[in-house]
Amino acid sequence: MDLIVKNATLQDGSTGIDIACSNGMIVAVEPNIDAEAGEIIDASGRLVVPPFVDAHWHLDAALLHGDPYVCETGLLYEGINAWLELKAEATVASYKERMRQALAWAVANGLLHIRCQTDICDLQLRQVQALVELRDELRDLIDLQLVAFPQDGYLRDPNARSLMTRALDMGLDVVGGIPDYELTAEIGFESVKQLCELANERNLMVDMHVDQTPDPNSRQIEAVAHQAIRLGMGARVSASHCVSMKNFADYYADKLIAQIAQAEMNVCVQPMTAATCWGVMTRVNELYDAGVNVAFGQDSVMDPWFPFGKCDMLDVAHMAIVYGRLMSEKKKARVFDSITYGGARALQVEGYGIANNMNADMVVLQAADPMEAIRIRATRLAVIRRGKVIARQNEQRASVMLGDRTIEIDFTREGVKRSGGLSVQRAGCGHGH
């Protein structure tokens, strides 16, 4: 074997599990695997999960907060106006420099699958060129799925249709849209129709920014569900944000959520910007109850819309639970699923999961279970890609001096009882370190 992770706790609660990897694939998931390996990681009962998935991130704007603009209100359109100024000055090289740094943060945090909303409303398509080049450059470390996103409106910007064609021809993976930014609701509905038809013709996925307002009269999600059903696109369609749904009358919301479930589409939720831009997050609780696949995205990291973030999906999950009041044990577990398996379903990631014949991609967390991981934003002790460790972090530990005693803590329930760190053995070493 190339790698064996021993004594892991899995997301479903299974304990004492070994995970054996060879040639970039998982070849066994069972207790007490007796085999030699080039590297052995003793998880010591800690949680091991597949890589985190971010279903919605504006990577092209990452790390621009305060350079030179600061969003004073936190509102959507102030951020959009700042972005219009910033992207006019950016170059392919500057995009790549910032995005490469942000992606290094993502890898360190075990975030290895990202859907990037890529602004195509630039006559030079600099963002598109930069992200296509980065996607190819970093494919051994991370999977980037690129959305052709017409930030200035597909029907509002006179160049957007030709730019969309050029961007897709350059290799972007998903057709995006922003009916909010069209001049009228009717034109917004028409943009949804045209973009879904375009994606269907090219056999691509769809991810629409819809209803980015608490206004209950904004009902673009209904148009997206209708097109998904009409064209039979199902799980290839995602609707992002869907903020106004929170303020729909309950009767109408119930009817609509049933249509979303019928369409078998995904809803991608961005808790951080929901809290800051609108003060409202969509009906995640009801979507879960209806069986809709919900994925989460960080949306923004230190950009014109949101000044915080470090590319950590555990931060996103924590905000979703707290802000969405998803407090039952079942719902909290669903949130963790939404940043792993649910995100992978929305992005249609192949070979995802900890099971035989899946890609040997996983994260070893300094936590005993998913809820502890979210609570303490657990340290990523090892990030593994195709059976190779690509990032490590030291255990988080603190020493507290109480009189003549020193107590070692790591903020986990069992932390006081544990001793030692993550044990690693390499062939020929004969010892852990």
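Spatially, the range 154-170 and the range 233-253 are offset by 26 Å when compared through their Cα centroids.
With a simple spin-label model that places each label point 7 Å from the Cα along the Cα-to-Cβ direction, the separation between Q124 and Q101 comes to 2.0 nm.
Ranking C71, A102, Q129 by how far each Cα lies toward the positive end of the dipole of the range 67-180 (charges on Cβ) leaves Q129 at the top. Normalising the average separation of contacting C-alpha pairs (under 8 angstrom, six or more residues apart) by the number of residues puts the relative contact order of the chain at 20 percent.
Percent of Cα pairs in the chain per distance bin of 20 Å, from zero to the largest separation: 26, 55, 18, 1. Taking the charge dipole of the chain about its Cα centre, with +1 at Lys and Arg Cβ atoms and -1 at Asp and Glu Cβ atoms, the residue from G297, A261, A43 reaching farthest to the positive side is A43. A simple rule links phi to the HN-Hα coupling: the Karplus curve 6.51 cos²θ - 1.76 cosθ + 1.60 with θ = phi - 60°, which for the range 283-295 gives 7, 4, 4, 5, 4, 4, 4, 7, x, 6, 6, 10, 10 Hz, with x for Gly and Pro. Reported to the nearest whole Å, the Cα centre-to-centre distance from the range 260-283 to the range 134-152 is 22.
Only DSSP H runs of four or more residues enter the estimate; each adds -39500 (n - 2.57), and after division by the residues of the chain the mean residue ellipticity at 222 nm equals -10000 deg cm²/dmol.
Using alpha carbons only, how many angstrom separate the centre of the range 359-378 from the centre of the range 83-115? The distance from the Cα centre of the range 359-378 to that of the range 83-115 comes to 25 Å.
Just the number please: accessible area per residue for the chain, 1.4 Å probe, all protein chains included, in Å².
40
Pairs of Cα atoms nearer than 8 Å and 6+ residues apart set the relative contact order; for the range 189-268 it is 35 percent. Projecting the Cα positions of L314, T118, H241 onto the charge dipole of the chain (unit charges on Cβ atoms of Lys, Arg, Asp and Glu, taken about the Cα centre) puts L314 furthest along the positive direction. Taken one residue at a time, the phi angles of the range 322-331 give Karplus couplings (6.51, -1.76, 1.60, θ = phi - 60°) of 6, 6, x, 6, 8, 9, 5, 4, 5, 5 Hz. Gly and Pro are set to x. Among the trypsin sites (Lys or Arg not before Pro) in the range 110-172, those placed in a DSSP loop whose Cβ has at most 15 other Cβ atoms within 10 Å are R139. Karplus-derived 3J(HN,Hα) values for the range 252-260, using 6.51 cos²θ - 1.76 cosθ + 1.60 with θ = phi - 60°, are 5, 4, 4, 5, 5, 5, 4, 5, 5 Hz; glycine and proline are entered as x.
Springs between Cα atoms under 10 Å define the GNM used for the chain, and in it the highest mean-square fluctuation of V400, V192, V206 occurs at V400. Per-residue SASA remark: R219, around 90 Å² accessible (1.4 Å probe; ligands, DNA and RNA not included).
Carbon-plus-sulfur accessible fraction, the chain (probe radius 1.4 Å, protein heavy atoms only): 50%. Of the listed residues T273, T406, the order by accessible area with a 1.4 Å probe, largest first, is T406, T273. Applying 0.36 nm per residue to the separation of R325 and E350 and subtracting their alpha-carbon distance, the gain on full extension is 5.8 nm.
For the range 285-424, a simple Cβ point-charge model (Lys and Arg +1, Asp and Glu -1, everything else neutral) yields a dipole of about 280 debye relative to the Cα centre. Extending 7 Å from the Cα toward the beta-carbon at both D404 and L183 defines two label points whose distance is 8.3 nm. DSSP bridge analysis restricted to the chain gives an antiparallel fraction near 45%, rounded to the nearest 5. Cross-link partners of K87 among lysines, defined as those whose alpha carbon lies under 20 angstrom from its own and excluding same-chain residues fewer than eight positions apart: K96. For the chain, the longest principal axis of the alpha carbon atoms and the long axis of helix 160-169 meet at an angle near 40°. By a 1.4 Å probe calculation restricted to protein chains, W278 has an accessible surface near 40 Å², given to the nearest 10. Each Lys and Arg adds +1 at its Cβ and each Asp and Glu adds -1 at its Cβ; summed about the Cα centre, the chain shows a dipole of about 720 debye.
The values are calculated or read from the model by the stated rules, or taken from the named source; none is laboratory data. Bear in mind that the values here come from a model prediction, so they are computed numbers and not experimental data. So basically every Cβ, Gly included, is an ideal-geometry build from the backbone, and we count neighbours across all protein chains shown. Surface areas here come from the heavy atoms of the whole protein model, side chains and all, with no ligands, DNA or RNA. Shrake-Rupley method; radii C 1.70, N 1.55, O 1.52, S 1.80 Å.
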